[in-house]
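Below you'll find the structure, written out as structure tokens, and then a few comments.
Only the coordinates and a few stated rules stand behind these numbers; no lab work does. All values reported here derive from a predicted model rather than from experimental measurement. Note that each Cβ is placed from the backbone with ideal geometry, even for glycine, and that neighbours are counted across all protein chains shown.
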């Protein structure tokens, strides 16, 4: 009897707690412990005692915040975070699999092709996170077999120096106007997945003519699209193409003179993806973490760091939301060759 | 027992060596066996995997020559090779052209503030070249660079940029100035240990200072000059950060940026990348062959148990102009870029420019206390670098000794093996280490030992080249004397050769320690969350565009390394004291080694 009532009490506390969190009041310690302690998945994960994340989505700071929130909510699980660039993380994982090394529990990178390849060789384990119901509808089911899920939403847009550019280009097409000649900075599709993704999208929309005209604008081509922000802040160029939406907003919030435009002919959306390894040494901890990604806590962290949130019910920073934007996402099974072709065309027409 | 000798190469030495083997077979076998085993584990095994990879297809994994065929059939792959060669030759020319005269000024003349110049040159060395490039982007980007802004304020707003760092010239300049420390350190340690009789003779015969320098001093340190030329060349070939930052915007591809593209592709072309490194190996092998032709059987022995360096050449009226010239390198490689980096690191948001409100120590606080990973990373960086540098110098020196004194048959093979790792760009070597040590019986994956080994292996060529160029200047007479008095090979090496190498070993240690602490790419597939190092964090911050943090962490890395160099000051003085006492007539040097541990 005692036990029953205690559990009831805890459950009620948990519900109240969840309601408070959804209501925008960050959960109290009580509600967090109560809802976590009841979770059989947590119990199983705690028995495993550790979790290894190989993550390339989100920059170091946001990823560490997510890790710390997980540790706070689920004490007793040691979290090892390997945060490197997505392609590096993936290359390493591939080599580990070839050598029969199984260290990684949860993989999170910015390229869906990684997951289709891993799925093909049977390296992923299916899992359906309970809290996945809160994911924006458009991305709720990336894989019918539940082998991988959305891990991050990233937007590519136009950024600019507000002091120097009174009326920034409002669309990708507007970047081709004469007034922007010698003023544009961008990343290289050969180095940056986001820029490669942008090149694919822009070729689908406007064909190679766009790239040809873009090349005539003499853009400065850096490596990563993060370099656009650097160039704008330094004053080397004033407008950035294929620019990172969230990161530009972070820099703006830090007090830097920079702002972002969501192009009227669509911000290009790229999904970060996450999956659990079939031979994960800590499968339950990995499941617990995957589910945690869709918690209110994580979306609040994302909001704070100017990332699009992973839940419908948590707005983005500054009250933005996915449905307020015009966006386009490259879909299709044959993206690999299309990316390679895009890079080749870029080298021919732009650089 | 003429066992140790420089002038009887090849089989003769091996033949005379045999009786010794008979006398102490066990110790000798153990030492040579250990060296051979270490070289095998550190170099042959991982490199073997790289070589093996280069013959496999990335998609199917099948055996193929296709990767090599692709290199020579595609202009897209040939162009970067030529660009890299140009960059490497120019880098080496600048490094030697500046480094050698600078070394002479600091080591052999009464230049004012010699020690300061030495420390400043080391400071340039501590700077990862991508950080230097970042500093110079702030200074000399065509539109926004501060130097160009200054120029426009003088020449008028319509004037074109004075400097454009985004060019081949810009990249050569940056690679060159950050490679000077190699040639400077190698040549100055050779000069420090050099005897003065020949210079005296030249002076007696009426030769002026400049002529003596050009016709006596510099030629005597030819081995060090050539070794540093080759190292600088390899640097120019294998640097990634500088071309990635400075040449990508102009669309000039080089080998390392092309390699990065192979890794960026989906699926990654790891095996193709391995094959793409092999032309570098070929070019470098040719350089070593040329070195052999140039040095031939000439002798460069200047330490022979008689008088030693100590007296300095008086520059006279040229003293201060020479000091001004010597300051140029620190000016462009340290003062200017670090001023830029320091300013950025001290702002809350660097885009706001300089103002009191924007001034903040926030990023230093963040780097030191705000980030839980930094502590482990700093400790790891220092620990791994110390261990790896020590291991590297010990092995490199022993290998150099075995090669220089031709102690076993096939000694030069040891030398060749010890030279390979530096030529293969780090990211490719990283794959080799991964492949070699993730399987039984030597599964070291995830351990700090693997990282230490990879670091030690990567910079073994520097330790070996440095050790070799010092040994070339030490005559075998004292060693022979010890041998004839009954000392074994080991004892002779430890109590005669090592002390004679003296401060050169210490400078050699820093010559490896510093690049290790700033190395990133060889660790890229070997670090784990528990063995993370400082450079990964810096790179992640750069990757995430957090420039204030990158600058703050770079300044910290610089300060930590400088503190270490300063702490080593007393050690250096110790060796100087011993040298003076040796000069005063002692025939044998004290037995204790000066290897910093």
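Among beta bridges identified by DSSP and lying wholly in the protein assembly as shown, the antiparallel ones come to about 55 percent.
Would you work out if the range B:319-390 is rounded, prolate or oblate? Take a ≥ b ≥ c from the square roots of the eigenvalues of the alpha-carbon gyration tensor; rounded if a/c is under 1.5, else prolate when a/b is larger than b/c, oblate otherwise.
Details: a/c = 4.14, a/b = 1.13, b/c = 3.65.
Oblate, since a/c reaches 1.5 and b/c is not below a/b.
Against the empirical 2.2 N^0.38 Å (N residues), the range A:53-170 has a Cα radius of gyration ratio of 1.29. For the pair the range A:133-170 and the range B:438-506, the centres of their Cα atoms are 55 angstrom apart. Would you please classify the overall shape of the range B:176-252 from the alpha carbon gyration tensor, given that a ≥ b ≥ c denote the square roots of the eigenvalues, rounded means a/c under 1.5, and beyond that prolate means a/b larger than b/c while oblate covers the rest? Since a/c reaches 1.5 and a/b is larger than b/c, the shape of the range B:176-252 is classed as prolate. Placing a pseudo-label 7 Å from each Cα along the Cα-to-Cβ vector at residue B:567 and residue B:440 gives an inter-label distance of 4.2 nm. Summed over qualifying helices (DSSP H, 4 residues or more, each -39500 (n - 2.57)) and divided by its residue number, the protein assembly as shown shows a 222 nm mean residue ellipticity of -18500 deg cm²/dmol.
Summary value for the range B:413-571: 30 percent relative contact order, contacts being C-alpha pairs under 8 angstrom separated by 6+ residues. Sorted from greatest to least, the principal axis extents spanned by the alpha carbons of the range B:363-428 come out as 56, 24, 14 Å.
If R0 equals 35 Å, the separation of the Cβ atoms of residue B:52 and residue A:331 corresponds to a calculated FRET efficiency of about 0.35. DSSP bridge analysis restricted to chain A gives an antiparallel fraction near 55%, rounded to the nearest 5. Quick check: the angle from helix A:2-22's long axis to the longest principal axis of chain A, C-alpha only, nearest 10 degrees? It is inclined by approximately 20 degrees. The slack between residue B:317 and residue B:285, meaning 0.36 nm per residue of separation minus the straight C-alpha distance, is 7.1 nm.
Rg and Dmax over the alpha-carbon atoms of the range A:153-223 stand at 12.1, 33 Å.
I'd like the mean, over residues of B:370-383, of how many other protein chain beta carbons sit within 10 Å of each residue's own Cβ. Provide the component values of the computation, followed by the final result.
Numbers: counts 1, 3, 3, 4, 0, 0, 0, 0, 0, 0, 0, 0, 0, 0.
Per-residue shielding by partner chains comes out at 1.
For the pair residue B:82 and residue B:559, the difference between a 0.36 nm per residue extended length and the Cα-Cα distance amounts to 168.0 nm.
Peptide A:255-262 has a mean of 3 when you count, residue by residue, the C-beta atoms of other protein chains within 10 Å of its C-beta. A crude spin-label estimate for the pair residue B:481 and residue A:130, with each label 7 Å from Cα along the Cβ direction, gives 8.4 nm. Within chain A, the proportion of C-alpha pairs whose separation exceeds 27 Å stands at 49%.
When both the range A:282-298 and the range A:53-83 are represented by their alpha-carbon centers, they are found 10 Å apart.
Please report the projected area of the protein assembly as shown's Cα convex hull averaged over all directions, in nm². Please list the in-between numbers first.
On the way: hull surface 172.0 nm².
That works out to 43.0 nm².
Rounded to two decimals, the Cα-based Rg/Rh of the range B:426-535, with Kirkwood Rh, is 1.13.
If you average the sequence gap of Cα pairs under 8 Å that are 6 or more apart and divide by the length of chain B, what percent do you get for the contact order? Walk me through the intermediate numbers first.
Working: 868 pairs, mean separation 131.1, N = 597.
RCO, chain B: 22 percent.
Between residue A:72 and residue A:208, what is 0.36 nm times their sequence separation minus the Cα-Cα distance? Round to one decimal in nm. Numbers along the way, then the final one.
Details: separation 136, 0.36 × 136 = 48.96 nm, distance 5.01 nm.
My answer for the length gained is 43.9 nm.
Given R0 = 22 Å, the distance between the Cβ atoms of residue B:37 and residue B:494 translates into a calculated FRET efficiency of 0.60.
If I take R0 = 56 Å and measure r between the Cβ atoms of residue B:150 and residue A:99 in this structure, what FRET efficiency does the formula 1/(1 + (r/R0)^6) give, to the nearest 0.05?
Details: r = 55 Å, r/R0 = 0.98.
The formula returns an efficiency of 0.55 here.
For the range A:308-339 and the range B:119-170, compute the distance between their C-alpha centroids and round to whole Å. About 39 Å separates the Cα centre of the range A:308-339 from the one of the range B:119-170.
With the contact rule set at Cα under 8 Å and sequence spacing of 6 or more, what percent relative contact order holds for chain A? All intermediate terms of the calculation are to be shown ahead of the outcome.
Numbers: 662 pairs, mean separation 82.1, N = 351.
Across chain A, relative contact order equals 23 percent.
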